[in-house]
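For reference, the structure discussed in these notes is given below.
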Amino acid sequence: MRVTFLGTGTSTGVPVLTCSCEVCRSQDPRDRRLRPSVLMEWDGASILIDTSTDLRQQALSLPLRRVDAVLYTHHHADHILGLDELRLYNWRQKAAVPVYGTPDTLAALERTFWYVFEDVQEGGAKPAVEPHPVDGPFTLWGRRILPVPVLHGTLPILGFRVEGFAYLTDVSAIPESSYALLTGLDVLVLNALRPRPHPTHLHLERAIAEARRIGARRTLFTHLGHEMPHAPISATLPEGMELAYDGQVLELADFGEIT
């Protein structure tokens, strides 16, 4: 399985509009962060986790030729506003794109993208999606997808595990029952917004503590704000932990081997 980080930033992206801080002016390409999303690929299938606000730019950078499904963590703007870009994949693939999320997330998609779900004049066309409510594990292209319930402030949201890989973003707390779903990981992706505490996201110290408890062989931090300069923060991280960056690719071979 291949995992590509399409975006590792927070809801504002980095650089942040109106900001002239050191990170927003940085020439290190790892400090330029689009809104958060990853692409998972196996057996010819391309699966997105979230359709970020920056999906068009992210797709052009690869380039991303097909989208076979989308797994939604939750319904906040930075994770869903790229949904309209799926219509290009509808045209090329001549099929609707299956989308998976909690019933609350799917209901929010219907409110936000009302024209997708109602019988209205199409004009320049509209996306075609097939909603699939998530209430437990399911299978996509021969692999088991395990939803991992977590909290984003008071909002219940989902992370996703596929074999030895797990992606958890926008987390502020992990329920006790969810730790059992995260044992034996090869790669954990976990949010670490900034060095200071935050009410609805893990900050760096808490993220490191959670990563230690989960005990993955390798942990990459994402959903990074402009208080997280890549090189200086990376130099302080424990062994086996690192900051992810836009465009980073992980190759996870069979039996959990990481190359």
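Each reported figure results from applying straightforward, stated rules to the coordinates on display, with no laboratory input. As the structure is a prediction and not an experimental result, all values here were calculated from the model. Every residue, glycine as well, gets a Cβ built from its backbone with ideal geometry; the counts of neighbours run over all protein chains shown.
Annotations
- Sorted ascending by nearby beta carbons within 10 Å, beginning with the fewest, ASP119, ASP68 become ASP119, ASP68.
- Region 109-151 - Rg (one decimal) and Dmax (whole number), Cα, Å: 14.9, 39
- Ellipsoid semi-axes for the chain, based on the Cα gyration tensor and the rule √(5λ), read 28, 21, 18 Å when sorted largest first.
- Counting DSSP beta bridges with both ends in region 2-249, the antiparallel % (nearest 5): 55
- Charged-residue dipole, Cβ positions (Lys, Arg, Asp, Glu), region 2-249 about Cα centre, Debye nearest 20: 440
- Difference of contour (0.36 nm per residue) and Cα-Cα distance, ARG66 to ASP104: 11.0 nm
- For the chain: relative contact order, % (alpha-carbon pairs under 8 angstrom, 6 or more apart): 19
- Two numbers describe the Cα atoms of region 1-140: Rg and Dmax, which are 15.8, 49 Å.
- Annotation for ASP84 and GLU205: the two label points, set 7 Å from Cα along the Cα-Cβ direction, are 4.3 nm apart.
- Computed from Cα atoms, the angle from the helix 103-112 axis to the main principal axis of the chain rounds to 70 degrees.
- Antiparallel DSSP beta bridges within region 1-148, as percent of all bridges there, nearest 5: 60
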